[in-house]
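**Q** Sharing a structure here in structure tokens format.
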Amino acid sequence: MKSKKQTLPSNSDIIASKIKKGLNSLDELLKLIESMKNTFFADASLELELLLSNGFPLDIIDDKVLLKTKENQIKDQVFCIVDIETNGSNVNKGQVIEIGAVKLKNGEIIDSYESLVYAKDVPPYIQEVTNITPSMLKDAPVLKTVLEEFKIFLEDDVFVAHDIKFDYRFISESFKKYNLGELHNRKLCTIDLSKRTIEAQRYGLDFLKDLLHIDIDTQHRAYSDALSTTYILKESLSKLPEKILTAEDLIAFSKSDNIINSKNNQAKQNRENKTEKED
């Protein structure tokens, strides 16, 4: 049996973890960065500037460092909900052909972004799923332009997606391909969060849309799927335990052991075990 390859935490994840555990001075942070491997710059100050320019949400006030998502109450945090359509699953063989994003703050949509992207080829099965054809893309802006626009739009908001591993990785790799840095935004997966807040048999986007009566007809298009994900996020936020207060609390909760169906399955197993003992 092959062992699963572990994903190593990024430098920004390590920094976030250290700040949550008490690191709070700029000098401490710079020493931490100096000790890291796989940095772009040898100079820690330049590396920190690079992280900030790539979406890492850090405030530096009077030589004190503050992780914005640790300080921000959920109602004050801006979440950027993102969906992409691509013409291939690998960034080296395919590209983004459409991107859609919605910004949510305190339960209200405050901004949005959407764009088709020029591409020469859209495989037939992608056309069938998305209804995006090459003729629709022939006059669309090129990928680098769209990525530049999206990076400015995203800022250092929390990056949210219904399949965070795919969307976040694909966009980050696309940034790197065009020398636009990479993503270091804090991230949140609505599949993970909904498993801890919404009672459901399945957690795919289409199933949750039906379950929650999200009336958006268009499917497998970037903006409409980002909008559907926004409503799923709103539903999840309305069902949080009272102790989940900050954006970092929320991110941690989405990765916790508090999975609804796991609890139900365990309760069912306990009832069955009790019945067997009584018999």
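Values in this text are rule-based calculations from the coordinates and carry no lab data. Here the structure is a predicted model, which means the values were calculated and not measured. Here the Cβ positions follow ideal geometry from the backbone for every residue, glycine too, while neighbour counts run over all protein chains shown.
**Q** Beyond a 19 Å Cα-Cα separation, which of these cross-linked pairs lie in this structure: Lys103/Lys138; Lys21/Lys234; Lys75/Lys234; Lys20/Lys255; Lys21/Lys64; Lys187/Lys209? The partial results should precede the final answer.
**A** Values: Lys103/Lys138 28 Å; Lys21/Lys234 29 Å; Lys75/Lys234 11 Å; Lys20/Lys255 16 Å; Lys21/Lys64 15 Å; Lys187/Lys209 22 Å.
Checking Cα-Cα distances, Lys103/Lys138; Lys21/Lys234; Lys187/Lys209 exceed 19 Å.
**Q** Same structure again: Report the charge-dipole magnitude of segment 192-239 in Debye, nearest 20, computed about the Cα centre from +1 at each Lys and Arg Cβ and -1 at each Asp and Glu Cβ.
**A** The calculated dipole for segment 192-239 is roughly 200 debye.
**Q** Let me ask another. Just flag the chymotrypsin sites (Phe, Trp or Tyr not before Pro) in segment 89-148 sitting in loop per DSSP whose Cβ has no more than 13 other Cβ atoms within 10 Å.
**A** Numbers: sites: Tyr113, Tyr118, Tyr125; in loops: Tyr118.
Passing sites in segment 89-148 do not exist.
**Q** Then there is this: Give, in nm to one decimal, the length gained when the segment between Asp76 and Lys20 is fully stretched (0.36 nm per residue of separation minus the Cα-Cα distance).
**A** Using 0.36 nm per residue and subtracting the Cα-Cα distance, I get 18.3 nm.
**Q** Calculate the dipole size of segment 11-71 relative to its Cα centre from +1 charges on Lys and Arg beta carbons and -1 charges on Asp and Glu beta carbons; express the result in debye to the nearest 20.
**A** 360
**Q** Return Ser45, Ser10, Ser115 ranked ascending by Cβ neighbour count within 10 Å, so the fewest neighbours appear first.
**A** Ser45, Ser10, Ser115
**Q** Let me ask something additional. All other residues with a Cβ under 12 Å from the Cβ of Phe40 taken together, and with Lys, Arg as +1 and Asp, Glu as -1, what is their net charge? Each step should come with its number before you reach the end.
**A** On the way: positive: Lys37, Lys176; negative: Asp43, Glu47, Glu49, Glu182.
With Lys, Arg at +1 and Asp, Glu at -1, the net is -2.
**Q** Looking at Val117, Val65, Ala16, which one has the Cα that reaches farthest to the positive end of the dipole of segment 4-135 (charges on Cβ: Lys, Arg +1; Asp, Glu -1)?
**A** About the Cα centre, the residue reaching furthest to the positive side is Ala16.
**Q** Using the 2.2 N^0.38 Å rule of thumb for compact globular proteins, work out how segment 11-71 stacks up: its C-alpha Rg over that value, please.
**A** 1.00
**Q** Restricting the calculation to Cα positions, tell me the Rg (one decimal) and the Dmax (whole number) of the chain in Å.
**A** Rg, Dmax (Cα atoms, Å): 20.7, 72.
**Q** Modelling each spin label as a point 7 Å along the Cα-to-Cβ direction, I'd like the Ser112/Lys144 distance in nm, to one decimal.
**A** Placing both labels 7 Å beyond Cα along the Cβ direction yields 3.0 nm.
**Q** Right, something else. Could you give the length gained by full extension between Ile260 and Asp206, i.e. 0.36 nm per residue of separation minus their alpha carbon distance, to one decimal place?
**A** Here the segment from Ile260 to Asp206 would lengthen by 17.5 nm.
**Q** If you don't mind, there's one more thing I want to ask. By how many nm would the segment from Met136 to Lys37 grow when fully extended, if each residue of separation counts as 0.36 nm and the alpha-carbon distance is taken off? Display every interim value, and only then the final one.
**A** Numbers: separation 99, 0.36 × 99 = 35.64 nm, distance 4.38 nm.
Value of the extension gain: 31.3 nm.
**Q** In debye, nearest 20, what is the charge dipole magnitude of the chain about its Cα centre with +1 on Lys and Arg Cβ and -1 on Asp and Glu Cβ, if you could check?
**A** 980
**Q** By counting other Cβ atoms within 10 Å of each Cβ, how are Lys105, Lys64 ranked from fewest to most?
**A** Arranged by neighbour count, lowest to highest, Lys105, Lys64 become Lys64, Lys105.
**Q** Using 1/(1 + (r/R0)^6) with R0 = 51 angstrom and r between the beta carbons of Leu52 and Lys239, what's the FRET efficiency to the nearest 0.05? The partial results should precede the final answer.
**A** Working: r = 33 Å, r/R0 = 0.65.
Once rounded, the FRET efficiency stands at 0.95.
**Q** Hey, fewest Cβ within 10 Å first, where do Arg186, Arg196 land in order?
**A** Least to most surrounded, the residues fall as Arg196, Arg186.
**Q** In deg cm²/dmol, rounded to 500, what helix-only [θ] at 222 nm does the chain give when every DSSP H run of at least 4 residues adds -39500 (n - 2.57) and the total is split over its residues?
**A** About -13000 deg cm²/dmol.
**Q** May I ask you to give the average projected area over all directions of the convex hull of the Cα atoms of segment 73-188, in nm² rounded to one decimal?
**A** 7.1
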